[in-house]
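The values are calculated or read from the model by the stated rules, or taken from the named source; none is laboratory data. All values reported here derive from a predicted model rather than from experimental measurement. Cβ coordinates were reconstructed from backbone atoms using ideal geometry, including for glycine residues, and neighbour counts include every protein chain displayed. What goes into the accessible areas is simple: the full protein's heavy atoms, side chains included, and nothing from ligands, DNA or RNA. Shrake-Rupley method; radii C 1.70, N 1.55, O 1.52, S 1.80 Å.
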Amino acid sequence: MDTMLNIERALHELDQAMGKARSDRGAVPFYGPTLLASMNEKDQAMALQAEQARYQQDPEDSAIFFCLNAAISLLEVSQVLLQQQTSMTPIQRERQWKTLVLYTKTAGRSAYRAASILADQKDYGSAPDTPARPLRPRA
């Protein structure tokens, strides 16, 4: 099957999952470094406190949100790379690469945020009694 078609299908499914995650749950706050830098010290502290409170209140949903966000960002980068035009000017190519770097950084930050949220959970004993589903190995 065509790689581009598979990516489009995966993006569609992830978009649906992300939409359900947003409508079924409260918003997961995230204040990036640029936004935080534009705030005064008091507002920064309040924003970071709101993030932490939400993540501690519902770590699983928060981690799901960031994992989906990372997956969508990486698929979008792959989609652009597969559709690259050879007739781009050097300025267009530079602009495109900067955008791809930004999306890739977003994916990395989202994945890191999900890992941090999960690593911060100290009370592992309160999890349901169902065993963890092992990850499928990649071929």
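Being within 28 Å of Glu76 (Cα to Cα), basic (Lys, Arg) and modelled with pLDDT of 85 or more is the filter here, so list the residues in segment 6-62 that pass it.
Answer for segment 6-62, where residues must be within 28 Å of Glu76 (Cα to Cα), basic (Lys, Arg) and modelled with pLDDT of 85 or more: just Arg9.
Results for (1) within 18 Å of the chain's Cα centre (by Cα); (2) open to solvent by less than 60 Å² (accessible area, probe 1.4 Å), shown as yes or no for each residue.
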| site | (1), (2) |
| --- | --- |
| Ala50 | no, yes |
| Asp61 | yes, yes |
| Phe65 | yes, yes |
| Ala70 | yes, yes |
| Ser73 | yes, yes |
| Ser78 | yes, yes |
| Gln83 | no, no |
| Thr89 | no, no |
| Gln92 | no, no |
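I'd like to know if segment 26-39 contains one or more residues that are surrounded by 14 or more Cβ atoms within 10 Å (Cβ to Cβ) and of a type in the set (S, T, N, Q).
No, the conditions are met nowhere in segment 26-39.
Residues of segment 94-107 being of a type in the set (S, T, N, Q) and surrounded by fewer than 18 Cβ atoms within 10 Å (Cβ to Cβ), which ones?
Answer for segment 94-107, where residues must be of a type in the set (S, T, N, Q) and surrounded by fewer than 18 Cβ atoms within 10 Å (Cβ to Cβ): Gln96, Thr99, Thr104.
Is it the case that Lys122 is surrounded by fewer than 18 Cβ atoms within 10 Å (Cβ to Cβ), among the basic types (Lys, Arg), more than 18 Å from Pro29 (Cα to Cα) and at pLDDT below 90?
Criteria met by Lys122.
Name, by its number, the condition in (1) outside any helix (DSSP H, G or I); (2) hydrophobic (A, V, I, L, M, F, W, C); (3) surrounded by 17 or more Cβ atoms within 10 Å (Cβ to Cβ) that does not hold for Ala114.
Ala114 satisfies every listed condition except (1).
Let's see how each residue does on (1) in contact (Cβ under 8 Å) with a residue 60 or more places away in the chain; (2) under 25 Å from Thr34 (Cβ atoms); (3) small (Gly, Ala, Ser):
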residue: Glu60; (1), (2), (3): no, no, no
residue: Leu68; (1), (2), (3): no, yes, no
residue: Leu74; (1), (2), (3): no, yes, no
residue: Val80; (1), (2), (3): no, yes, no
residue: Gln83; (1), (2), (3): yes, no, no
residue: Thr86; (1), (2), (3): no, no, no
residue: Ile91; (1), (2), (3): no, yes, no
residue: Lys98; (1), (2), (3): no, yes, no
residue: Val101; (1), (2), (3): no, yes, no
